[in-house]
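Asks: Got a structure for you, questions after.
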Amino acid sequence: MSTAQQFKDLGNQAFKENKFEDAAKFYSQAIELNPNDHILYSNRSGAYASLSKYEDALADAEKCISLNSNFAKGYQRKGLALHYLGEFEKAIDAYQQGLAKDPNNALLSEGLKAAQTELQGTKNNPFASALKNPNILKLLGILQKDPRTSAFASDPTFMQLIGLMIAQPQMASQFMQTDPRIQAALSVIMENPEAQQIFFSEFAGKMKKTDGEKKDHPHQQSQKMEEEHTQAQHEQEQEQHHHAHSEQSQQKQHQQPPPKPQPQLEEWEVQKNLGNEEYKNKNFENALQYYDAALQLNKEEALLYNNKAAAFIEQTKYDEALEAIEEGLKVLEVHSSFQKKAKLLARKAKIYSLQNKFNEAIQFYEKSLVEDHVQSVKDELKKLQKLQKDLEAQNYINPQLGEEANTKGGDAFKAGKFPDAIQFYNDAVKRNPKEPKYYCNRATAYMKLMEFPNAVSDLEKCLSLDPKYVKAYVKKANCHFVMKEFHKAKTVYEKGLELDPNNLEMQQGLEKVKFSILQGSGSEEEQQQRAKRAMQDPEIQQILREPEVINLLNDMKEHPQDGLKAIKQNPSLAAKIEKLIEAGVLKTG
């Protein structure tokens with residue numbers, strides 16, 4: 001056991017020195033000697049994640065959780081691995097499970113927030129959704145196995161075309177006519193029953209044909225004619241039915257008896273309606289007199305007290321309004337009615353909110369919803385809860401205490417207690433949310449914990465507050481580089497150098513990024529993962545949707561020289577192609 005601890009210590013030291021391959025090996029040796037230590041699997045998961053081996057990181061995180069289901073960091077490791085694998089919904093579930101074990105865990109909370117943001121971005125982007133569609137992935141698997149299409153079915157650019165065809169069916173005919181890979185793929189699909197079923201259910205069914213497009217297949221033409229014939233019959237039957245119904249209606253007009261007389265209102269209802277009219281005309285004293293007159297005639301109608309309370313509210317007589325509500329609630333103790341009780345409780349909540357007694361108001365809005373689920377009451381409750389939260393945040397602001405929390409965060413950081421540092425920086429941000437250095441400091445702590453998405457988020461906030469914060473550019477570019485988002489790292493380094501042209505760290509970082517783009521980075525599998533992740537970037541997706549880029553990529557396959565000439569003559573197009581190369585979506589050589 002002591003030997004296992006020694007290997008663990010060696011792994012921890014290697015991890016701190018960013019020697020992740022060595023760290024993973026040491027943790028593996030420790031696991032061989034002590035396979036039931038959940039922390040060893042958690043540590044190795046972190047090392048694998050730092051090496052972009054997210055499948056291995058996920059497996060270790062799940063093993064960690066199976067050994068100790070109460071270990072919150074195991075869920076954080078699992079969520080992080082799933083996040084990088086693009087499984088954002090599963091990542092969210094993992095973070096939420098962890099928060100159920102440790103509700104105050106800052107890493108889990110921030111990880112959850114980052115995964116939810118990524119998921120929302122994917123849901124709002126049909127192109128990215130198409131690439132995550134299991135049916136499309138299954139279709140690509142069939143194409144990868146067939147010798148006629150295996151050579152290009154794994155090519156990221158071909159996957160993009162398939163995704164674009166699903167996301168934008170109106171462009172499909174253009175792809176089919178100009179890209180021989182699509183034509184070859186269609187031949188394979190038409191010969192494979194499973195592929196054919198997927199294709200027509202996921203793609204052909206979404207196409208909207210317009211006049212002037214290619215004619216339908218003969219089978220489709222006959223089916224279409226049959227559908228049109230059926231539709232014509234249906235319309236004829238509808239017209240006949242409408243005509244018959246019209247005649248019947250005309251006959252009934254002469255046969256219908258005169259309308260029944262409306263029932264006579266009771267005197268208390270007359271008084272109530274007179275009070276309502278005065279209320280609408282803002283004559284609140286008169287309204288109250290009529291409501292009192294109605295109550296003299298019927299003291300058992302609880303909503304009359306509700307009406308009185310409304311009139312008192314308009315006069316800002318909140319104590320009298322509360323007394324009226326209490327009298328109405330007493331009536332309902334005898335003559336119970338869920339709907340009436342809900343209205344009285346909602347009115348009581350309104351009075352408390354006008355008195356700025358938000359806790360009491362929230363309490364009675366919730367009680368009202370228990371009696372009767374009314375959407376307007378639910379909306380009022382949400383607005384009040386947000387208002388209360390905003391006020392609490394505003395009242396919490398204290399720049400002096402924020403600086404004290406920042407100092408404590410710095411002390412914890414120097415001691416290597418990075419989670420504690422994040423907690424202090426969280427408090428500093430809440431105390432003074434407009435201070436950019438707090439976000440930058442918290443990002444630095446996240447970087448130490450390999451939480452690069454959270455670090456990037458903080459650095460973007462820092463730069464939004466202070467666009468000239470040079471350190472934030474350095475750190476943000478470094479994060480993108482570690483995540484192998486070279487196109488983003490290059491852009492950030494360049495922006496930072498515009499502010500500080502002599503910054504040596506950014507100059508060296510930019511050269512390192514350019515070298516990585518030129519030489520490639522990592523194994524073939526890692527490069528494919530990088531390309532896949534880049535294709536989820538909205539900027540890259542936008543470039544791939546542009547017709548001039550699509551046409552150029554098609555031309556480059558058949559006429560490379562013409563494509564190179566087009567790039568040289570069009571600086572804007574050249575910049576877009578360079579961005580795709582930097583992102584790893586296109587390869588040179």
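Taken together, the values in this text are just the output of simple stated rules run on the coordinates, not laboratory data. All of these numbers come straight from a predicted model, not from anything done at the bench. Here Cβ is always computed from backbone atoms with ideal geometry, including for glycine, and neighbour counts include all displayed protein chains.
Asks: At 0.36 nm per residue, minus the direct Cα-Cα distance, what do Asn34 and Lys138 gain on full extension? Give it in nm, one decimal, please. Write down the numbers at each step before the final one.
Replies: On the way: separation 104, 0.36 × 104 = 37.44 nm, distance 3.98 nm.
Answer, rounded to one decimal: 33.5 nm.
Asks: Rank-order 4-11, 342-349 by packing density, defined as the average count of other C-beta atoms within 10 Å over each peptide's residues, highest first.
Replies: 342-349, 4-11
Asks: At what distance in nm do the modelled label points of Glu314 and Gln197 sit from each other, each positioned 7 Å from its Cα along Cα→Cβ?
Replies: 6.7 nm
Asks: In this model, which of Lys113/Lys468; Lys340/Lys378; Lys113/Lys471 are farther than 22 Å apart at the alpha-carbon?
Replies: Lys113/Lys468; Lys113/Lys471
Asks: Can I ask one more? With +1 on each Lys and Arg Cβ and -1 on each Asp and Glu Cβ, how big is the dipole of the stretch 388-490 about its Cα centre, in debye rounded to the nearest 20? Intermediate results must be reported in sequence, preceding the final value.
Replies: Values: 18 positive and 13 negative charges, 94 e Å.
Taking the Cα centre of the stretch 388-490 as origin, the dipole is about 440 debye.
Asks: Can you run phi through the Karplus equation (6.51, -1.76, 1.60; θ = phi - 60°) for the stretch 487-500 and list ³J(HN,Hα) in whole Hz, with x for Gly and Pro?
Replies: Ordered by residue, 3J(HN,Hα) equals 5, 6, 4, 4, 4, 5, 4, 5, 5, x, 5, 5, 7, 9 Hz.
Asks: Let me ask another. With unit charges on the beta carbon (Lys/Arg positive, Asp/Glu negative), name the residue among Phe20, Ala57, Pro103 whose Cα is farthest towards the positive pole of the charge dipole of the stretch 2-124.
Replies: Of the candidates, Pro103 comes out farthest on the positive side.
Asks: Tell me, what HN-Hα J-couplings in whole Hz come from the Karplus equation 6.51 cos²θ - 1.76 cosθ + 1.60 at θ = phi - 60° for each residue of the stretch 397-409, using x for Gly and Pro?
Replies: The phi angles translate into 5, 7, x, 5, 5, x, 5, 5, 5, 5, 5, 5, x Hz.
Asks: So, one more: Taking one equal scatterer on every alpha-carbon of the stretch 2-124, how large is log10 of I(q)/I(0) by Debye at q = 0.14, 0.16 1/Å?
Replies: Results for the stretch 2-124 at q = 0.14, 0.16 Å⁻¹ read -0.56, -0.72.
Asks: Mind ranking 399-408, 317-326, 476-485 by how tightly packed they are, going by the mean number of other C-beta atoms within 10 angstrom, highest first? Present the calculation step by step, with values, prior to reporting the outcome.
Replies: Working: 399-408: 16.3, 317-326: 18.5, 476-485: 22.4.
Ranking, from highest mean packing down: 476-485, 317-326, 399-408.
Asks: If I stretch the segment between Glu300 and Glu17 completely, what's the gain in nm (0.36 nm per residue apart, minus their alpha carbon distance), one decimal? Show your work: numbers first, answer last.
Replies: On the way: separation 283, 0.36 × 283 = 101.88 nm, distance 7.84 nm.
Separation in residues times 0.36 nm, less the Cα-Cα distance, equals 94.0 nm.
Asks: Using the Karplus curve 6.51 cos²θ - 1.76 cosθ + 1.60 with θ = phi - 60°, what ³J(HN,Hα) values do you get for each residue of the stretch 463-478, in whole Hz, with x for Gly and Pro?
Replies: Using θ = phi - 60°, the values come out as 6, 5, 7, 9, x, 9, 7, 4, 4, 5, 5, 4, 5, 5, 4, 4 Hz.
Asks: Note down the nm distance, to one decimal, between modelled labels 7 Å out along Cα→Cβ at Glu539 and at Glu460.
Replies: Going from the Glu539 label point to the Glu460 one covers 1.1 nm.
Asks: Need one number: nm distance between label points at Asn283 and Leu499, each 7 Å from Cα along Cα→Cβ, rounded to one decimal.
Replies: 6.6 nm
Asks: Continuing with the same structure: Can you give the FRET efficiency to the nearest 0.05 for Lys367 and Thr407, using r as the Cβ-Cβ distance and R₀ = 56 Å?
Replies: 0.80
Asks: Additional query: Taking a ≥ b ≥ c as the square roots of the Cα gyration tensor eigenvalues, with a/c under 1.5 meaning rounded and otherwise prolate when a/b beats b/c, else oblate, which class fits the stretch 299-393?
Replies: oblate
Asks: Report the one residue of Leu459, Leu497, Val482 whose Cα lies farthest in the direction of the positive end of the charge dipole of the stretch 427-497 (charges on C-beta: Lys and Arg +1, Asp and Glu -1; origin at the Cα centre).
Replies: Positive-most Cα among the choices belongs to Leu497.
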